[in-house]
Amino acid sequence: MSLVPFLSRRLIGLAVMLVALSALVFFFSRSIPGDVAAMYIGGMAKPEQIERARQELGLDQPLTLQYVKYMKKLLSGDLGISLRTHRPVFQDLLEKIPMSMEVVLWAIALAMVLGIGFGGLAALRQGTWIDEGIKWLSSAAVSIPIFFLALLLQLIFFNLLGWFPLQGRIDTFLEFSNPLELVTGFSLIDSLLTGNHAAFFNVAWHMVLPVLSLIAYPLGLITRLTRSSLLEVMSQDYILAARASGIRESVLFFRYGLRNALSPVLTVVGLSVALTLLATFYVEIIFNWPGIGYYALTAILSLDYPVLMGVTLMIGTVYVVANTSMDILRRIVDPRIK
Amino acid sequence: MGKHLALIFLLVASVAAMANPAAAAEKNMVFASPYGITTLDPSVSYSTELTYMANIYETLIRVNPPGSKERFSYLLATGFNASENGLKYTFNLRKGVKFHDGTPFTAEAVKYSIERTTGLGKGAAFIWGDLASIDIVDDYTVTFVMKQAVPLPLIAASAYASYILSPSMKDKDTAWFDQGHACGTGPYMLKNYKDGESWMLAKFDDYWGGWKGPHVENVLVKYTKEALIQLQMLQSGQAAMVGRIPLDSYPAVKSGKDTTVVYGPSYQNYMAFFNTTRPPLDNVKVRKALAHAIPYKDIIDIGFNGMATQARGPVPKGQFGYSEKVVQYNYDIGKAKKLLAEAGYPNGGFNLTLTYAAENPQEARFAPLIQSEFKKIGIDVEIKALVWTSQWSQAKADPKNAQDIFLLLWWPTYSDPYETLFSLLHDEGDKPAWNLAYYKNPAYDELIRQAYETTGSQPEKALELYVNAQNLIQADCPVAWLVDIVGNWPASKRLKGLAINPAYPNVPFFYDMHLE
């Protein structure tokens with residue numbers, strides 16, 4: 001299997017998509033009525049200050065020209081300045097992405113392991129109460145709105161039981177005694193790197209409810225898909241033939257069944273990464289988790305278009321990268337895919 | 001195995017630590033704040049970061065809240081005097097003051113800071129518009145020379161654009177500050193800045209005021225936008241004070257076992273601009289009718305849960321320029337009907353559009369009250385909630401096609417009425433910015449400028465001029481002044497010394513506070 005043409009095709013596709021996406025977001029966000037220069041100045045701006053900012057930001061030029069300028073800068077890795085925080089968007093993204101990815105990756109990894117496990121179990125025990133239970137729960141997990149689940153988890157585990165914290169990524173009192181120092185931006189890794197064990201456990205403890213909120217959708221999806229895909233594979237003639245030739249049932253299941261059933265599941269995992277990243281928009285607001293979702297939502301509410309552009313392009317990229325890497329994985333588990 | 005034991009031990013230890021957060025926390029407090037940071041550059045800052053800036057940086061003098069014995073508190077200056085013509089102000093500076101990086105504070109720092117602010121010309125730098133020069137007399141004496149006799153002490157005490165920063169920061173630009181750096185003379189240093197998440201205001205050991213007596217030493221600011229989360233943090237004891245809780249939760253917090261609400265005046269007020277450029281609101285009688293048809297009491301009771309008072313005019317109560325002599329419009333539906341009839345609309349019979357900022361939950365609450373009251377006099381109001389920048393840019397675009405009624409929340413930059421009266425009502429020609437009634441009155445423009453230039457030398461005369469100017473406005477009624485806001489901080493009962501100074505909106509002066 002040759003990866004090079006495949007990857008280069010994907011890269012070209014990514015570039016085309018990003019250009020289209022950026023044009024769409026740029027022209028849409030800029031056609032919303034609102035004074036971007038006034039927004040940049042903030043407070044009780046005086047007319048002459050707004051005029052000056054308009055020139056400074058190049059907002060007095062035609063929109064298409066502004067777009068071309070933006071794209072030129074983008075090629076050199078410059079995403080512009082946030083209108084609200086006045087900091088480079090690229091730098092803001094570098095700070096916020098790890099915070100979100102930490103939660104998203106945990107959610108996806110756990111959803112993958114648990115989903116394949118539950119799906120396999122349900123398929124193995126098809127028709128029993130275990131199968132019924134898993135089917136029911138996975139349907140529920142896929143259908144429950146994420147923001148509702150997040151609030152429900154807060155209500156149960158903070159308000160009623162008091163087991164998990166309400167919000168934030170670390171307890172405030174630890175900020176006095178063992179403040180979290182950021183190295184990579186991934187707080188669990190950083191707390192270990194700096195030998196800050198108290199912070200490590202505290203952050204992990206804070207992460208439980210956000211991860212649980214995010215896990216529901218991909219977990220339900222993966223469970224259902226694993227189950228149905230596995231049932232389909234297990235009813236194929238070659239399985240019957242293998243079984244007739246006396247291959248052990250466990251070998252049959254894991255090597256011949258599960259491995260072949262995984263290909264569609266991996267496609268869904270790729271999609272789930274992007275969907276989960278979007279779901280952080282709700283979850284981060286509810287849990288006061290200052291990641292990319294929180295950052296993007298604030299930008300939307302304040303017409304901060306450089307940030308909107310940055311976040312959209314980033315999520316678009318993640319989407320393509322996640323799908324591509326899942327395609328590569330699929331090729332590994334199923335060499336027939338070209 | 002030993003590794004596992006160590007991990008378990010750590011886990012137990014951290015759980016134990018979680019169970020007892022109050023230990024050794026007496027000097028530390030958590031503030032769950034909805035006030036974000038748009039810039040950390042003290043010369044440029046003109047937004048909600050004031051909440052922290054005023055604790056990190058200091059001005060020469062500070063305006064005391066209304067009702068205080070002295071008009072000013074002396075911070076970096078120990079006193080000042082004005083020349084007879086009101087064009088020169090000489091300040092004596094405090095000795096032995098250090099900046100956070102150890103640089104000594106001298107007259108050079110004053111000159112450098114204010115010139116940096118005016119040079120950048122951003123934020124509230126316009127308040128220095130009448131400054132001619134700053135002359136260093138000696139290390140601890142500095143003279144401000146003005147082009148006009150404007151009230152300089154109030155400008156020097158401004159909540160924005162008047163902070164003194166260390167001259168050692170000469171080669172630093174705004175971007176450097178925005179990475180989370182600061183260098184002032186205030187009691188607190190900025191530390192561990194995580195944009196959009198949290199930052200620490202940490203005790204500055206060499207603060208000139210000293211640390212004897214009870215003071216909060218470290219304040220962890222936990223940036224929290226959601227009012228509901230702030231409420232939860234306050235009630236669960238995770239935060240000693242918060243900025244904003246849901247309006248309906250005030251009674252519970254006020255009477256809570258461990259919580260309370262600290263109230264005080266604010267110079268923030270709400271107003272409704274009438275579009276004076278086209279019928280029917282170009283008719284002064286119609287405008288007056290509307291001003292009498294606004295349900296002020298309902299707005300206060302329902303819109304603000306009682307945490308507001310009816311506004312008299314543009315200047316909020318307590319601020320210089322406020323006077324009982326300014327004519328006030330009260331709710332009187334009979335009078336409103338009569339005025340409408342006189343204007344030729346005996347049964348109303350026209351439609352108006354009203355816009356407000358969708359981000360403002362308060363306006364969303366009281367706009368419908370105005371709508372239903374106007375309905376009673378036969379006027380249909382269409383309410384449009386727009387994102388603030390949209391609301392504002394539509395109003396500025398073309399008055400003839402703009403809204404009929406514009407709701408606005410306003411507060412002054414510094415403790416003087418001129419800026420408010422000028423911005424909101426002076427003739428802006430064909431480029432409206434804040435005068436969203438599009439009102440023009442040369443006599444008024446003349447009066448307020450006169451008053452401004454008289455404030456320093458003859459305050460009584462200035463007040464009289466301000467009153468006359470405001471009554472000119474009230475006679476034409478281009479704006480209905482709705483309510484003055486009552487400021488408040490929901491806080492723990494253990495937190496003492498928390499007070500509200502309306503000249504510095506949303507600034508808790510942490511140095512004055514301690515935990516009991």
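The values are calculated or read from the model by the stated rules, or taken from the named source; none is laboratory data. The shown structure was predicted, so the numbers you read here are calculated from the model rather than taken from an experiment. With ideal geometry, Cβ positions are generated from the backbone for all residues, glycine too; neighbour counts draw on all protein chains shown. The accessibility values were calculated without ligands, DNA or RNA, using every heavy atom of the protein model including side chains. Shrake-Rupley method; radii C 1.70, N 1.55, O 1.52, S 1.80 Å.
Among the candidates A:F200, A:F118, A:F147, A:F173, which residue alone is surrounded by fewer than 17 Cβ atoms within 10 Å (Cβ to Cβ), in a helix (DSSP H, G or I) and of a type in the set (F, W, Y)? Give the steps one after another, and end with the answer.
Working: A:F200 fails: surrounded by fewer than 17 Cβ atoms within 10 Å (Cβ to Cβ); A:F118 fails: surrounded by fewer than 17 Cβ atoms within 10 Å (Cβ to Cβ); A:F173 fails: surrounded by fewer than 17 Cβ atoms within 10 Å (Cβ to Cβ).
Sole residue among the options that is surrounded by fewer than 17 Cβ atoms within 10 Å (Cβ to Cβ), in a helix (DSSP H, G or I) and of a type in the set (F, W, Y): A:F147.
Out of segment A:62-92, which residues are part of a helix (DSSP H, G or I), within 26 Å of A:I285 (Cβ to Cβ) and touching a Phe, Trp or Tyr at 6+ places or on another chain (Cβ under 9 Å)? Show your work before the answer.
First, pick out the residues of segment A:62-92 that are part of a helix (DSSP H, G or I): A:63-75, A:89-92.
Next, only the ones that are within 26 Å of A:I285 (Cβ to Cβ) stay: A:89-92.
If the condition is that a residue be part of a helix (DSSP H, G or I), within 26 Å of A:I285 (Cβ to Cβ) and touching a Phe, Trp or Tyr at 6+ places or on another chain (Cβ under 9 Å), then A:D92 is the only one that fits.
Please indicate, with yes or no, whether at least one residue in segment A:299-306 is assigned to a helix (DSSP H, G or I) and in contact with an Asp or Glu (Cβ under 8 Å, 6 or more places away or on another chain). Break it down stepwise before answering.
Restricting attention to segment A:299-306, the residues satisfying the condition of being assigned to a helix (DSSP H, G or I) are A:299-301, A:305-306.
Now narrow it down to the ones that are in contact with an Asp or Glu (Cβ under 8 Å, 6 or more places away or on another chain): A:301.
Looking for residues that are assigned to a helix (DSSP H, G or I) and in contact with an Asp or Glu (Cβ under 8 Å, 6 or more places away or on another chain), one finds at least one in segment A:299-306, hence yes.
Testing A:E181 on (1) closer than 30 Å to B:L228 by Cβ; (2) without any contact (Cβ under 8 Å) to a residue 24 or more places away in the chain; (3) within 11 Å of chain B (Cβ to nearest Cβ), one condition comes back false. Which one is that?
(1)
Filter the helices (runs of 4 or more DSSP H) completely within segment B:374-454 down to those with at least 2 residues that are over 23 Å from the mean Cα position of the chain (by Cα). Explain how you work it out, then say what you get.
Working: elements: B:388-397, B:417-425, B:442-454.
Ranges flagged: B:388-397, B:442-454.
Among the residues of segment B:218-235 satisfying the criterion of being under 22 Å from the mean Cα position of the chain (by Cα) and open to solvent by less than 30 Å² (accessible area, probe 1.4 Å), which is farthest from the other protein chains (Cβ to nearest Cβ)? Steps first, answer last, please.
Just the residues of segment B:218-235 that are under 22 Å from the mean Cα position of the chain (by Cα), to begin with: B:219, B:221-227, B:230.
Keeping just the survivors that are open to solvent by less than 30 Å² (accessible area, probe 1.4 Å) gives B:219, B:221-224, B:227, B:230.
Numbers: B:V219: 10, B:V221: 10, B:K222: 6, B:Y223: 7, B:T224: 6, B:A227: 12, B:Q230: 10 Å.
The selected residue is B:A227.
Touching a Lys or Arg at 6+ places or on another chain (Cβ under 7 Å) and more than 10 Å from chain A (Cβ to nearest Cβ): is that true of B:D258 in this structure? Lay out the reasoning, then the answer.
On the way: touching a Lys or Arg at 6+ places or on another chain (Cβ under 7 Å): yes; more than 10 Å from chain A (Cβ to nearest Cβ): yes.
Yes.
Being open to solvent by less than 20 Å² (accessible area, probe 1.4 Å), in contact with a strand residue (DSSP E or B) (Cβ under 8 Å, 6 or more places away or on another chain) and among the polar types (S, T, N, Q) is true for just one of B:T90, B:T51, B:T141. Which residue is that? If you could, list the steps in order and put the result at the bottom.
Values: B:T90 fails: open to solvent by less than 20 Å² (accessible area, probe 1.4 Å); B:T141 fails: open to solvent by less than 20 Å² (accessible area, probe 1.4 Å).
Just a single option satisfies the conditions, and that option is B:T51.
Starting from residues that are in a loop (DSSP other than H, G, I, E, B) and touching a residue at least 60 places away in the same chain (Cβ under 8 Å), keep the ones in segment B:48-66 and report whichever is nearest to the other protein chains (Cβ to nearest Cβ). I'd like the intermediate steps shown before the answer.
Of the residues in segment B:48-66, the ones in a loop (DSSP other than H, G, I, E, B) are B:48-49, B:57, B:59-60, B:64-66.
Going one step further and asking which of them are touching a residue at least 60 places away in the same chain (Cβ under 8 Å), we end up with B:48, B:57, B:59-60, B:64-66.
Values: B:T48: 9, B:Y57: 17, B:T59: 18, B:L60: 22, B:N64: 24, B:P65: 22, B:P66: 22 Å.
Filtering first and then ranking leaves B:T48.
Confirm whether A:V103 is buried (at least 22 other Cβ atoms within 10 Å of the Cβ), β-branched (V, I, T) and either modelled with pLDDT of 90 or more or in contact with a Lys or Arg (Cβ under 7 Å, 6 or more places away or on another chain) (or both).
Details: buried (at least 22 other Cβ atoms within 10 Å of the Cβ): yes; β-branched (V, I, T): yes; either modelled with pLDDT of 90 or more or in contact with a Lys or Arg (Cβ under 7 Å, 6 or more places away or on another chain) (or both): yes.
The answer is yes for A:V103.
So is A:F164 touching a Leu at 6+ places or on another chain (Cβ under 8 Å) and not in a helix (DSSP H, G or I) or not? Talk me through it step by step, then tell me what you get.
On the way: touching a Leu at 6+ places or on another chain (Cβ under 8 Å): yes; not in a helix (DSSP H, G or I): yes.
For A:F164, the condition - touching a Leu at 6+ places or on another chain (Cβ under 8 Å) and not in a helix (DSSP H, G or I) - is met.
Would it be correct to say that B:G264 is open to solvent by 10 Å² or more (accessible area, probe 1.4 Å) and either within 23 Å of B:Q362 (Cα to Cα) or away from chain A (no Cβ under 14 Å) (or both)?
Numbers: open to solvent by 10 Å² or more (accessible area, probe 1.4 Å): yes; either within 23 Å of B:Q362 (Cα to Cα) or away from chain A (no Cβ under 14 Å) (or both): yes.
Answer is yes for this residue.
Quick one: in segment B:354-391, of everything that is closer than 20 Å to B:T277 by Cβ and open to solvent by 30 Å² or more (accessible area, probe 1.4 Å), which residue is farthest from the other protein chains (Cβ to nearest Cβ)?
Restricting to residues being closer than 20 Å to B:T277 by Cβ and open to solvent by 30 Å² or more (accessible area, probe 1.4 Å), the top hit is B:E382.
Looking only at segment A:64-86, filter to residues that are among the hydrophobic types (A, V, I, L, M, F, W, C) and open to solvent by 60 Å² or more (accessible area, probe 1.4 Å); which one of those is nearest to the other protein chains (Cβ to nearest Cβ)?
Step one: list which residues in segment A:64-86 are among the hydrophobic types (A, V, I, L, M, F, W, C), which gives A:65, A:68, A:71, A:74-75, A:79, A:81, A:83.
Applying the additional criterion that residues be open to solvent by 60 Å² or more (accessible area, probe 1.4 Å) yields A:65, A:68, A:75, A:81.
Details: A:L65: 21, A:V68: 24, A:L75: 22, A:I81: 9 Å.
Here the residue is A:I81.
If you scan segment B:403-418, which residues turn out to be open to solvent by less than 10 Å² (accessible area, probe 1.4 Å), at pLDDT 90 or above and within 12 Å of chain A (Cβ to nearest Cβ)?
B:L408, B:W410
In segment A:121-130, what residues are free of Cβ contacts under 8 Å to residues at least 24 places away in the same chain and either part of a helix (DSSP H, G or I) or crowded, with 16+ Cβ neighbours inside 10 Å (or both)?
So the first thing to find is which residues in segment A:121-130 are free of Cβ contacts under 8 Å to residues at least 24 places away in the same chain, and the list is A:121, A:125, A:127-130.
Across segment A:121-130, the qualifying residues are A:L121, A:W129, A:I130.
Please specify each residue of segment A:32-61 satisfying the condition of being within 32 Å of the chain's Cα centre (by Cα), in a loop (DSSP other than H, G, I, E, B), within 10 Å of chain B (Cβ to nearest Cβ) and crowded, with 17+ Cβ neighbours inside 10 Å. Before you say what the answer is, go through the steps one by one.
Step one: list which residues in segment A:32-61 are within 32 Å of the chain's Cα centre (by Cα), which gives A:32-37, A:39-40, A:42, A:57.
With the extra rule that they be in a loop (DSSP other than H, G, I, E, B), the set shrinks to A:32-35, A:42, A:57.
Applying the additional criterion that residues be within 10 Å of chain B (Cβ to nearest Cβ) yields A:32-35, A:42.
Hits for segment A:32-61 are A:G34, A:D35, A:G42.
Of the conditions (1) within 12 Å of another protein chain (Cβ to nearest Cβ); (2) in a loop (DSSP other than H, G, I, E, B), A:Q154 fails just one. Which one is it?
Of the numbered conditions (1) within 12 Å of another protein chain (Cβ to nearest Cβ); (2) in a loop (DSSP other than H, G, I, E, B), the odd one out for A:Q154 is (2).
Looking at segment B:247-283 only, could you name the residues that are aliphatic (A, V, I, L, M) and part of a loop (DSSP other than H, G, I, E, B)? So that I can check it myself, show each step before the final result.
At the first step, the residues of segment B:247-283 found to be aliphatic (A, V, I, L, M) are B:247, B:252-253, B:261-262, B:271-272, B:281.
The answer is B:L281, and nothing else.
Quickly run through segment A:159-168 and pick out the residues that are more than 8 Å from chain B (Cβ to nearest Cβ) and touching a residue at least 12 places away in the same chain (Cβ under 8 Å). Talk me through it step by step, then tell me what you get.
Initially, segment A:159-168 is screened for residues more than 8 Å from chain B (Cβ to nearest Cβ), giving A:159-165.
If the condition is that a residue be more than 8 Å from chain B (Cβ to nearest Cβ) and touching a residue at least 12 places away in the same chain (Cβ under 8 Å), then A:F164, A:P165 are the ones that fit.
Could you please let me know if A:E95 is within 14 Å of chain B (Cβ to nearest Cβ), in contact with a Gly (Cβ under 7 Å, 6 or more places away or on another chain), part of a helix (DSSP H, G or I) and open to solvent by 40 Å² or more (accessible area, probe 1.4 Å)? Lay out the reasoning, then the answer.
Details: within 14 Å of chain B (Cβ to nearest Cβ): yes; in contact with a Gly (Cβ under 7 Å, 6 or more places away or on another chain): yes; part of a helix (DSSP H, G or I): yes; open to solvent by 40 Å² or more (accessible area, probe 1.4 Å): yes.
Yes, satisfied.
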